Amino acid sequence: MPKKSFRQAVNEALRQEMERDPSVVVMGEDIAGGMGAPGEDDAWGGPLGVTKGLLARFGRGRVLDTPISESAFIGAAAGAAATGLRPVADLMFVDFMGVCFDQIFNQAAKFRYMFGGKAKTPMVIRTMYGAGFRAASQHSQCLYPVFTHIPGLKVAIPSSPYEAKGLMIQAIRDDDPVIFFEHKAMYDDEDEVPDEAYTIPFGEANFLREGEDVTIVAIGRMVKFAREAADQLAREKIDCTVLDPRTTSPLDIGSILESVRETGRLVVVDEANPRCNMATDISAQVAEQAFDALKAPIRMVSPPHVPVPFSPALEDEFIPSAEKIGAAVRSVMAAPARRAA
Amino acid sequence: MQLNRDDLLRAWREMRTIRAFEERVHTEFAAGGIPGFVHLYAGEEASAVGVCMHLSDRDVIASTHRGHGHCIAKGCDVKAMMQEIFGRAGGLCAGKGGSMHIADISRGMLGANGIVGGAPPLVCGAALTAKVRGTGGVAIAFCGDGGANQGTTAEGMNLASVWKLPALFVIEDNGYAESTASAWSLAGDPVKRAEGYGMPGTRVDGRDFFAVHEAAGEAIERARKGEGPSLLHVKLERFFGHFEGDAMTYRAADEVARLRAERDCLASFRRRVTEAGLLDGAALDAIDREAAALIEEAVSEAKAAAFPRPAELLTDVYVSY
């Protein structure tokens, strides 16, 4: 199978869906780039080159550069979706949700319910998230818990190039609004990615490794770190399950519970700030529904409750690591077995 | 666009239906039968009807919190609207939207909107759909003088111009954003804002149905020809409060009575068409009776209609589950 980068995987998904369905359009700031400027067409192909080449293939009618007006074009994507297109809007950094969130959570997310089931809003918002780029506090956040909180939105967070292509094609074909999170530090990651189009269903977690001792649930980029930690722990004879939920809305809580019932121990790894993040949400659901199965307290591995700092010395300290995950797993293994009631 | 007798009768029927609907919702709300927040359009009818007379189902409008008039003018079912406002299962949105969210996408009504300035970006999208699909449709954003001051309106106008969308922005300036006078809150001249975004802007008197109809017709024709968006600043009057229950202490004591006497777009229309001999009073009176009967039926049916079943709480959050 051919190796492709995360960037190529998303590009290929967009290209194949635009070829398959003429109602798919892409829009965003610099989505081609250089609009109205004297230099090259498709100068950027998206801020990180993800949409490069779509302009040449599909033209200005379907590859729509926008002014820096997130409210206008994210709202336009919602309005276009409700009236028959399948727009994929590029919200360059998820941190920019602050200037367009109304269009997402009060408009797009609400149409179907608020209009009595008579609206469909098949839009995708692609957005970059995550720390590690020395991009500081306004360009490094995760924020997917905020979107997960909103009924009516779906949230996909691919953990590899293979996942990115399949989840993106699913997102475009999905009839609900989907927020699609791309970690900015993963674009050059490579993976085996099939040439043909394929979908990965939402709400079905992926078991990357199965072990008897501890369940590690990890989100997005943290999946890679969790696998690294599990490899190290295996050498210490600690046998981990690594589970990637793939989507936080819908969330495959069933698979998480099933795994915790087998291992009795849970570590949740989430790059989002620790208050009301996916780790707290998953931990609460497991505590509520599988308390009897737990042999040790649940552990959450998240950054501290601070903005993402700029200095590499501080940012590296902020981001969860394989070492921190390993330490959390060792601590749940060391916890004394809970006395039966 | 010339208005023939049928057009005039239709305009009168729609404006009278809106007025009767709103006057009745006012009394029903006061009587306690209607839950939630209600914002009435009475006094502004010539704007919704004058604009929407140019539209068909392929055209899309998006409205405001004061949306009943736009819904009726765009062809939403009046009885289903009334059921919606009463929170009944047979409502246009199955009782899940209420007064502020009445929508019927099959009729090109993309929703009243509880967020001031909600419509302009959405309308850019609806206009984009028309442009990409080549339907010949246009999309129209209604917003108030309050909504005109939202960034969404500024961004929407800019994007519509940049993308040369078949769109129209209608600023219905009823003098008040909630309790705050537009004379104070609307800096400069809204028509000049249009100029700033490279689109034609026109001011019309919302008391004058014919002026609205003509100005909207020109803007809509321009949009249909692919010449881009326009702005219409309609000066009109709000006969009720911002919301039902608003004591309107911010208005002059005799202000509403004076506006009803001097600035009623329905009275103006009736005088104009009867004096010109275009329609006779009897034909108009007959429509008045029919509108009243329709609203009477709508209210009695709404009151007798079933509420949604509790299980409906969980349905229609997503398409797929």
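The values are calculated or read from the model by the stated rules, or taken from the named source; none is laboratory data. Computed from a predicted structure; not experimentally measured. Using ideal geometry, Cβ is built from the backbone for each residue, glycine included, and neighbour counts are taken over all protein chains shown.
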If we keep only residues of the range B:109-121 that are surrounded by fewer than 24 Cβ atoms within 10 Å (Cβ to Cβ) and more than 7 Å from chain A (Cβ to nearest Cβ), then the residue nearest to B:P229 (Cα to Cα) is B:V116
| query | Is one or more of the residues making up the range B:200-208 assigned to a loop (DSSP other than H, G, I, E, B) and surrounded by fewer than 21 Cβ atoms within 10 Å (Cβ to Cβ)? | reply | yes
Of (1) out of contact with any Phe, Trp or Tyr (no Cβ under 9 Å at 6 or more places or on another chain); (2) away from chain A (no Cβ under 13 Å); (3) outside any loop (DSSP other than H, G, I, E, B), B:Q83 fails just (2)
Restricted to the range A:170-180 and to residues being under 14 Å from the mean Cα position of the chain (by Cα) and of a type in the set (A, V, I, L, M, F, W, C), the residue farthest from the other protein chains (Cβ to nearest Cβ) is A:F180
Considering the range A:105-135, residues that are among the aromatic types (F, W, Y) and away from chain B (no Cβ under 13 Å), and then whichever is nearest to B:P121 (Cα to Cα), we arrive at A:Y129
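Listed here are the residues, each with its yes/no results for (1) assigned to a loop (DSSP other than H, G, I, E, B); (2) under 30 Å from A:D175 (Cβ atoms); (3) over 22 Å from the mean Cα position of the chain (by Cα).
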{"residue": "A:E228", "(1), (2), (3)": "no, no, no"}
{"residue": "A:L251", "(1), (2), (3)": "yes, yes, no"}
{"residue": "A:P297", "(1), (2), (3)": "yes, no, yes"}
{"residue": "A:P304", "(1), (2), (3)": "yes, no, no"}
Within the range A:123-146, residues part of a helix (DSSP H, G or I) and more than 25 Å from A:D191 (Cβ to Cβ) come out as A:P145, A:V146
Checked the range B:62-79 for anything more than 14 Å from chain A (Cβ to nearest Cβ) and either in a helix (DSSP H, G or I) or surrounded by fewer than 23 Cβ atoms within 10 Å (Cβ to Cβ) (or both); matches are B:H68, B:G69, B:H70, B:I72, B:A73, B:G75, B:V78, B:K79
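Taking the range A:290-310 on its own, how many of its residues are in contact (Cβ under 8 Å) with a residue 12 or more places away in the chain and farther than 22 Å from A:C276 by Cβ? Please lay out each step first, then the result.
Step one: of the range A:290-310, the residues in contact (Cβ under 8 Å) with a residue 12 or more places away in the chain are A:290, A:293-310.
When the remaining residues are screened for being farther than 22 Å from A:C276 by Cβ, the result is A:293, A:295-296, A:310.
Counting residues in the range A:290-310 that are in contact (Cβ under 8 Å) with a residue 12 or more places away in the chain and farther than 22 Å from A:C276 by Cβ gives 4.
Would you check if A:G84 is within 13 Å of another protein chain (Cβ to nearest Cβ), surrounded by fewer than 22 Cβ atoms within 10 Å (Cβ to Cβ) and on the phi > 0 side of the Ramachandran plot? Before the answer, list the steps.
Details: within 13 Å of another protein chain (Cβ to nearest Cβ): yes; surrounded by fewer than 22 Cβ atoms within 10 Å (Cβ to Cβ): yes; on the phi > 0 side of the Ramachandran plot: yes.
Taking the combined requirement at face value, the residue satisfies it.
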Inside the range A:38-81, the number of residues satisfying the requirement of being buried (at least 19 other Cβ atoms within 10 Å of the Cβ), in a loop (DSSP other than H, G, I, E, B) and within 14 Å of chain B (Cβ to nearest Cβ) is 3
Practice prompt. State yes or no: is A:V260 in contact with a Ser or Thr (Cβ under 9 Å, 6 or more places away or on another chain), closer than 18 Å to A:R209 by Cβ and either surrounded by 15 or more Cβ atoms within 10 Å (Cβ to Cβ) or at pLDDT below 95 (or both)?
Written response: yes
Of the residues in the range A:117-163, those that are out of contact with any strand residue (DSSP E or B) (no Cβ under 6 Å at 6 or more places or on another chain) and not aliphatic (A, V, I, L, M) number 17
Apart from one, (1) out of contact with any Ser or Thr (no Cβ under 8 Å at 6 or more places or on another chain); (2) farther than 30 Å from B:A304 by Cβ; (3) of a type in the set (S, T, Y); (4) assigned to a loop (DSSP other than H, G, I, E, B) all hold for B:T135; the odd one out is (1)
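Residues checked against (1) within 17 Å of the chain's Cα centre (by Cα); (2) within 23 Å of A:A80 (Cβ to Cβ); (3) touching a residue at least 40 places away in the same chain (Cβ under 8 Å):
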residue: B:D7; (1), (2), (3): no, no, yes
residue: B:E14; (1), (2), (3): yes, no, yes
residue: B:I34; (1), (2), (3): no, no, yes
residue: B:S63; (1), (2), (3): yes, yes, yes
residue: B:G67; (1), (2), (3): yes, yes, yes
residue: B:M81; (1), (2), (3): yes, no, yes
residue: B:G90; (1), (2), (3): no, no, yes
residue: B:G111; (1), (2), (3): yes, yes, yes
residue: B:G114; (1), (2), (3): yes, yes, yes
B:A183 meets each of (1) more than 23 Å from B:H242 (Cβ to Cβ); (2) without any contact (Cβ under 8 Å) to a residue 12 or more places away in the chain with one exception, condition (1)
By residue number, the members of the range B:132-158 that are facing chain A (nearest Cβ under 8 Å) and over 17 Å from B:P200 (Cβ atoms) are B:V132, B:R133, B:G151, B:T152, B:E155
Condition set within 21 Å of the chain's Cα centre (by Cα), over 13 Å from A:Q170 (Cα atoms) and not β-branched (V, I, T), scope the range A:13-36, selection surrounded by the most Cβ atoms within 10 Å (Cβ to Cβ): answer is A:G28
Out of (1) free of Cβ contacts under 8 Å to residues at least 40 places away in the same chain; (2) more than 26 Å from A:G152 (Cβ to Cβ), the one B:D104 does not meet is (2)
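Assess whether A:V267 counts as being without any contact (Cβ under 8 Å) to a residue 40 or more places away in the chain, outside any loop (DSSP other than H, G, I, E, B) and surrounded by 19 or more Cβ atoms within 10 Å (Cβ to Cβ). So that I can check it myself, show each step before the final result.
Details: without any contact (Cβ under 8 Å) to a residue 40 or more places away in the chain: no; outside any loop (DSSP other than H, G, I, E, B): yes; surrounded by 19 or more Cβ atoms within 10 Å (Cβ to Cβ): yes.
The answer is no for A:V267.
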Considering the range A:99-147, residues that are under 17 Å from B:D316 (Cα atoms) and of a type in the set (S, T, N, Q), and then whichever is surrounded by the most Cβ atoms within 10 Å (Cβ to Cβ), we arrive at A:Q107
Of the conditions (1) in a loop (DSSP other than H, G, I, E, B); (2) more than 25 Å from B:E178 (Cβ to Cβ), the single one that B:A286 does not satisfy is (1)
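Which of the residues spanning the range B:47-61 are part of a helix (DSSP H, G or I) and in contact with a Leu (Cβ under 7 Å, 6 or more places away or on another chain)? Walk me through how you get there before you give the answer.
Filtering the range B:47-61 for residues part of a helix (DSSP H, G or I) gives B:47-52.
Hit for the range B:47-61 is B:S47, nothing else.
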**Asked** Is one or more of the residues making up the range B:162-185 within 19 Å of the chain's Cα centre (by Cα), part of a helix (DSSP H, G or I), buried (at least 24 other Cβ atoms within 10 Å of the Cβ) and among the polar types (S, T, N, Q)?
**Response** no
Exception for A:M114 within (1) without any contact (Cβ under 8 Å) to a residue 12 or more places away in the chain; (2) of a type in the set (A, V, I, L, M); (3) in contact with a strand residue (DSSP E or B) (Cβ under 7 Å, 6 or more places away or on another chain) falls at (3)
